[in-house]
Amino acid sequence: MQIIQPHYHAIARTAQDYERMAMSGVVAVAEPAFWAGFDRKYPETFIDYFRQISEFEPTRAAQYGIRHFSWVAVNPKEAENPVLTREVLKHFPEFFAKPTVLGVGETGLHKSTRNECESLEAHVEIAMRHGQLVLIHTPHLADKAHGTKRVLEVLAGMNVDRERIWIDHVEEQTIRPCLDAGYWVGFTLYPITKCSPKRAVDMLEKYGTERILVNSSADWGPSDPFTLQECILEFRRRGHSLQEAIEVFHNNPCRFLGQNPKFDIQPIRIEPATGAAVSA
Amino acid sequence: MLTPSQVVETYFLESRHQLLEIAAYLDRYDAAVARAGDRNGQAATDEKRLAVIRRALEIVAEQKPSQERTVALLELFATV
């Protein structure tokens, strides 16, 4: 089965991960900009990081036949430095012109401070002005519900195209308001601290599959790119068809990311040579 | 060995994760029963295992158990 990993921090992972992902059917990954584990001090550090994910990383992925796309952003954890944020934002348009950059992400909230909210608004504003997609991080653990509510409040005060915005890391207590407001949502599957493969399938069964993306994130922390494949196995094990799995794990990323014409992988439909529908 | 505070801190997220999985398991069961009801179906014909899970959760939540919770659970699970 062909799989798209829509949120993947490749620079934190090994070549062996690429190789194993390719062997498991992954045809494309999309890499948002994220936190380095420490707060960066200089705009140039971000610029080089954006060059790494938009210029170098696609060449590394290509060795395994995987298409690599990316996003640019100042991480919410670094939004407490508004001067730095503003300086980095000035460079976004030059990256929007790169052939594999899909938009702005992951912006969002961490502790939902005033500076974070202003940074989120600035990120979304520049994305909308340049016709880009947006990937929004919502806080972890205890701050999840409050932070997601604040994200929705910030977006509600802006003139945005909701179908071009993906609110990520939703869980059972935050999915409904995001979907009801017309945004795409993402389940991030972590071994411990975010959603699990089984819970993700529970939510797919409860809310349906429209405007939902599933990803592993997979960064330098405790994470595993193959939680995505675990989720596919769980989905199939519960009796959902191969085509239904393709709709969620390949075609939905095509539908969302494909709103940016640089993402040119098309949704696929499995049919036998006779043209009859596939039953399993 | 770990201090009481270290035990709480070290295993909090892992325990949170495990409890969420159990909560999801029970929610999954309720959703399946509701779907079966829509099709004039019924709950699982044998809910004994589910009853054991619910009893296990009570044992886990005991503040001052008469024996180690792990031992009590293993003995309980041996009944099904």
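The values are calculated or read from the model by the stated rules, or taken from the named source; none is laboratory data. All figures in this text were calculated on a predicted structure; none of them were measured in a lab. Backbone-built Cβ (ideal geometry, glycine too); neighbour counts: all protein chains shown. Quick note on the areas: whole protein, heavy atoms, side chains included, nothing else; ligands and nucleic acids left out. Shrake-Rupley method; radii C 1.70, N 1.55, O 1.52, S 1.80 Å.
Data overview
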| read-out | value |
| --- | --- |
| Cα-centred dipole magnitude for the protein assembly as shown, charges only on beta-carbon of K, R (+1) and D, E (-1), debye, nearest 20 | 360 |
| Protection proxy ranking, peptides A:10-19, A:24-33, average beta carbon neighbours within 10 Å, highest first | A:24-33, A:10-19 |
| Mean projected area (nm²) of the alpha-carbon convex hull when the protein assembly as shown is viewed from all directions | 22.4 |
| Distance between modelled label sites at residue A:41 and residue B:3, nm, 7 Å Cα→Cβ extension | 3.3 |
| Accessible area (Å², 1.4 Å probe, nearest 10) - residue A:90 | 140 |
| Accessible area buried, both sides summed, chains A and B with 1.4 Å probe, Å² | 900 |
| Reachable aspartates and glutamates, given that their alpha-carbon falls under 13 Å from the alpha-carbon of residue A:144 and they are not under 8 places away in the same chain | A:168, A:171, A:172 |
| Net charge of neighbours whose Cβ lies under 11 Å from the Cβ of residue A:48, counting Lys and Arg as +1 and Asp and Glu as -1 | 0 |
| Förster radius 41 Å - calculated FRET efficiency between residue A:52 and residue B:11, Cβ distance, rounded to 0.05 | 0.70 |
| For the range A:141-175 and the range A:203-280, distance of Cα centres in Å | 22 |
| Under 5 Å, built H, 5+ apart or other chain: amide partners of residue A:189 | A:215, A:216, A:217 |
| Lysines whose Cα lies under 23 Å from that of residue A:98, excluding same-chain neighbours fewer than 8 positions away | A:90, A:262 |
| Tensor-based shape of the range B:41-80 (alpha-carbon gyration tensor, a/c under 1.5 rounded, otherwise prolate or oblate) | oblate |
| The range A:9-143 - accessible surface per residue (Å², probe 1.4 Å) | 41 |
| Summed residue charge, Cβ within 15 Å of residue A:20's Cβ, Lys/Arg positive, Asp/Glu negative | -2 |
| Carbon and sulfur %, accessible surface of chain A computed with the full protein complex present, 1.4 Å | 53 |
| Packing-based ranking, highest mean first, of A:56-67, A:242-253 given that Cβ atoms within 10 Å are counted | A:242-253, A:56-67 |
| Reachable aspartates and glutamates from residue B:48, criterion Cα separation under 18 angstrom, eight or more residues apart if same chain | B:27, B:30, B:58, B:75 |
| Selection from A:47, A:88, A:152, by position along the positive dipole direction of chain A (Cβ) | A:152 |
| Sequence-distant residues sharing a close amide H with residue A:101 (under 5 Å, placed H) | A:70 |
| Full-extension gain in nm, residue A:125 to residue A:243, via 0.36 nm per residue minus C-alpha separation | 38.8 nm |
| Simple spin-label estimate for residue B:19 and residue A:143 in nanometres, 7 Å along Cα-Cβ | 2.2 |
| Charge dipole magnitude, Cβ of K and R +1, D and E -1 - chain B, Cα centre, debye nearest 20 | 180 |
